[in-house]
Amino acid sequence: MRKPSLYILAFLVFACEWPFDTDETDSGSLFDLTVEHSILRLVDSSGVHLTWSEIIIENFSMVTVERRKFTDTVWTQRAILSNPLITTYTDMVNDDTDFQYRVTFSDVQGNEKWAEGETTIPKTTSLYIPDDYESIQTAFESPVIDDGDSILVFPGKYTGSLSILGKDILVQAIDDNEVATIIASDSDRCLNINKGIFEGFRLERGTGGIGAFTPGGGVYASGNAVLRNNFIVDNEAPGEGGGLYLTENASMYNNIVINNVGDNVGGIFISNSTGEVINNTIVGNNIEDDTLVGVVITNSTVTFLNNIIAEHTGFDLLLTGDNSSAIVAYSRFKEASLADLDGNIPGDPLFLEVATEDFHLLPNSPCIDTGHPGDEYRDNDGSQNDMGAYGGPNGY
């Protein structure tokens, strides 16, 4: 009965001794780290594979895996491994940047032996909605979207308010034949933007947020934001600017702003602005007592050119405060004088069909070829600028 016990004891001794052999790897031996991946286009996250030399150290404590961006000075811990026989690790990355890696073996006295490696992740310059992400906002917040990148949006209805803040990117609807619509969340506007370009969308049902005098029902544009070729409709603000509030150096080109409601200003409230408002169509916006007021410019040095403001029973355009350095020229609004020397006109713009939201101009419209005569404002066919959203180099 004793023989089997001896055999078993011997087996256990040898089995335990082999994987924990404490013969230390020669200190002069090379300790290599290989970093590799198969990423062609990073959308969400993907793996980077690390492989290092097998080494044995006395009084082993742990293996630490760290990484940092090339622009960082501090390492970030990614993993701590308690088994010295593990020689691989897969790190998940979600940013299209260049990374350095370090793998460190430590003993209980704090002595260390390490190896370093690096890798380049291919740059992702655009994301597609809904193919890559269902949400525009989630795509915008992705680390792979950096200044100069694009978010390209297919037609459809996208619910939820957008905050395009802090990144200088292009957010663009990419099918001219169908519509990509942003429908605001409850008690919020459709869009807050302070950088980049937002182009080609229909923005509706914004309520401007919570607050008795909150401006900008559909859009709050500040900083260096650019709005281009958008359709801003059926929004309501508790403050000025049912359609949008424009301030700082934000600019807008070739947008249509209709049927919005605000306190005192139904369409666009332009305040403390240094930007450009060029070739837009602003029609039939309202205030709460049903007096239609289109645009108010206050305390601004804005450049306001080639716009059509129409069908407001109150003011089409009202200037308040100090606008002495503002340029308001070559635009249609009913307050313009027939003798206006800046190219402003009061005549009926003669839209094709307002009821179906078609604001193209009839052939006999006084707004055709009467925008700014400068070459930089010419229509796509090379003729002098047509006022309104369909004129100028960005006309659609």
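The values are calculated or read from the model by the stated rules, or taken from the named source; none is laboratory data. The structure presented is a predicted model; accordingly, all values stated were derived computationally and were not measured. Neighbour counts run over all protein chains shown; Cβ positions are idealised from the backbone, glycine included.
Which condition breaks for Val108 when tested against (1) surrounded by fewer than 13 Cβ atoms within 10 Å (Cβ to Cβ); (2) of a type in the set (A, V, I, L, M); (3) free of Cβ contacts under 8 Å to residues at least 40 places away in the same chain; (4) farther than 30 Å from Asp147 by Cα?
(3)
Restricting attention to segment 194-221, and to residues there that are surrounded by fewer than 24 Cβ atoms within 10 Å (Cβ to Cβ) and touching a Leu at 6+ places or on another chain (Cβ under 8 Å), which single residue is nearest to Ile258 (Cα to Cα)?
Filtering segment 194-221 for residues surrounded by fewer than 24 Cβ atoms within 10 Å (Cβ to Cβ) gives 194-195, 197, 199-200, 202, 204-205, 207, 209-214.
With the extra rule that they be touching a Leu at 6+ places or on another chain (Cβ under 8 Å), the set shrinks to 194-195, 197, 199.
Numbers: Asn194: 23, Lys195: 24, Ile197: 21, Glu199: 17 Å.
Ranking the qualifying residues of segment 194-221, first place goes to Glu199.
For segment 155-175, give me each residue that is hydroxyl-bearing (Ser, Thr, Tyr), under 14 Å from the mean Cα position of the chain (by Cα) and surrounded by fewer than 17 Cβ atoms within 10 Å (Cβ to Cβ).
Ser163
Which residue out of Val103, Val144 is under 30 Å from Ala180 (Cα atoms) and either surrounded by 13 or more Cβ atoms within 10 Å (Cβ to Cβ) or in contact with a strand residue (DSSP E or B) (Cβ under 9 Å, 6 or more places away or on another chain) (or both)?
Values: Val103 fails: under 30 Å from Ala180 (Cα atoms).
Residue meeting the stated conditions: Val144.
Starting from residues that are hydrophobic (A, V, I, L, M, F, W, C) and at pLDDT 95 or above, keep the ones in segment 288-302 and report whichever is surrounded by the most Cβ atoms within 10 Å (Cβ to Cβ). Even if it seems obvious, please write down each step before you answer.
So the first thing to find is which residues in segment 288-302 are hydrophobic (A, V, I, L, M, F, W, C), and the list is 292-293, 295-297, 302.
Retained after the next criterion (residues that are at pLDDT 95 or above): 295-297, 302.
Numbers: Val295: 30, Val296: 23, Ile297: 23, Val302: 26.
The qualifying residue surrounded by the most Cβ atoms within 10 Å (Cβ to Cβ) is Val295.
Here's the yes/no breakdown for (1) in the same structural domain as Arg205 (by TED's automatic domain parsing); (2) out of contact with any strand residue (DSSP E or B) (no Cβ under 7 Å at 6 or more places or on another chain); (3) assigned to a loop (DSSP other than H, G, I, E, B):
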residue: Met252; (1), (2), (3): yes, no, no
residue: Asn264; (1), (2), (3): yes, no, yes
residue: Asn272; (1), (2), (3): yes, no, no
residue: Ser300; (1), (2), (3): yes, no, yes
residue: His312; (1), (2), (3): yes, yes, yes
residue: Asp348; (1), (2), (3): yes, yes, yes
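Can you name the residue in segment 45-71 that is within 29 Å of Val144 (Cα to Cα) and at pLDDT below 95 and, of all such residues, is surrounded by the most Cβ atoms within 10 Å (Cβ to Cβ)?
Phe70
Which condition breaks for Gly166 when tested against (1) small (Gly, Ala, Ser); (2) free of Cβ contacts under 8 Å to residues at least 40 places away in the same chain; (3) part of a strand (DSSP E or B)?
Status for Gly166: all satisfied but (3).
When segment 372-392 is examined, which residues are found to be closer than 20 Å to Leu341 by Cα and either of a type in the set (Asp, Glu) or touching a helix residue (DSSP H, G or I) at 6+ places or on another chain (Cβ under 6 Å) (or both)?
Within segment 372-392, Asp375, Asn385, Asp386 qualify.
Given the condition within 14 Å of Asn285 (Cα to Cα), part of a strand (DSSP E or B), more than 21 Å from the chain's Cα centre (by Cα) and of a type in the set (D, E, K, R), answer yes or no: does some residue in segment 220-239 qualify?
The answer is yes, given that some residue of segment 220-239 is within 14 Å of Asn285 (Cα to Cα), part of a strand (DSSP E or B), more than 21 Å from the chain's Cα centre (by Cα) and of a type in the set (D, E, K, R).
Return the total of residues in segment 314-342 being in a loop (DSSP other than H, G, I, E, B), touching a residue at least 40 places away in the same chain (Cβ under 8 Å) and of a type in the set (D, E, K, R).
To start, the set of residues in segment 314-342 that are in a loop (DSSP other than H, G, I, E, B) comprises 314-316, 321-326, 330-331, 333-342.
Subsequent filtering for residues that are touching a residue at least 40 places away in the same chain (Cβ under 8 Å) retains 330-331.
The next check asks that each one be of a type in the set (D, E, K, R); those that pass are none.
Selection size over segment 314-342: 0.
Filter segment 142-163 for residues that are farther than 19 Å from Arg41 by Cα, part of a loop (DSSP other than H, G, I, E, B) and out of contact with any Gly (no Cβ under 9 Å at 6 or more places or on another chain) and give the result.
Phe154, Pro155, Gly160, listed by residue number.
Taking into account only those residues within segment 306-356 that are crowded, with 17+ Cβ neighbours inside 10 Å and among the polar types (S, T, N, Q), which is farthest from Ser271 (Cα to Cα)?
Per the criteria, the residue is Asn344.
Condition first: over 13 Å from Thr104 (Cβ atoms) and among the aliphatic types (A, V, I, L, M). Now tell me which residues in segment 54-69 satisfy that.
Matches in segment 54-69: Ile56 only.
Among strands (runs of 3 or more DSSP E) lying entirely in segment 36-93, which contain 1 or more residues that are over 41 Å from the mean Cα position of the chain (by Cα) and of a type in the set (Ser, Thr, Tyr)?
It comes to 60-69.
Where residues in segment 115-130 are under 22 Å from Lys157 (Cβ atoms) and not aromatic (Phe, Trp, Tyr), which of them is surrounded by the fewest Cβ atoms within 10 Å (Cβ to Cβ)?
Applying the filter and picking the extreme gives Pro130.
Considering (1) at pLDDT below 95; (2) assigned to a helix (DSSP H, G or I), say which one Ala139 fails and leave the rest.
Unmet for Ala139, out of (1) at pLDDT below 95; (2) assigned to a helix (DSSP H, G or I): (1).
Considering only residues that are in a loop (DSSP other than H, G, I, E, B) and among the aromatic types (Phe, Trp, Tyr), look in segment 177-219 and name the one that is nearest to the chain's Cα centre (by Cα).
Looking at residues that are in a loop (DSSP other than H, G, I, E, B) and among the aromatic types (Phe, Trp, Tyr), I get Phe201.
Using the structure shown, decide if His360 is at pLDDT below 95 and of a type outside the set (Ser, Thr, Tyr).
no
Among (1) out of contact with any Leu (no Cβ under 8 Å at 6 or more places or on another chain); (2) within 15 Å of Leu33 (Cα to Cα); (3) of a type outside the set (Val, Ile, Thr), there is one condition Ser53 misses while meeting the rest; what is its number?
Of (1) out of contact with any Leu (no Cβ under 8 Å at 6 or more places or on another chain); (2) within 15 Å of Leu33 (Cα to Cα); (3) of a type outside the set (Val, Ile, Thr), only one is false for Ser53: (1).
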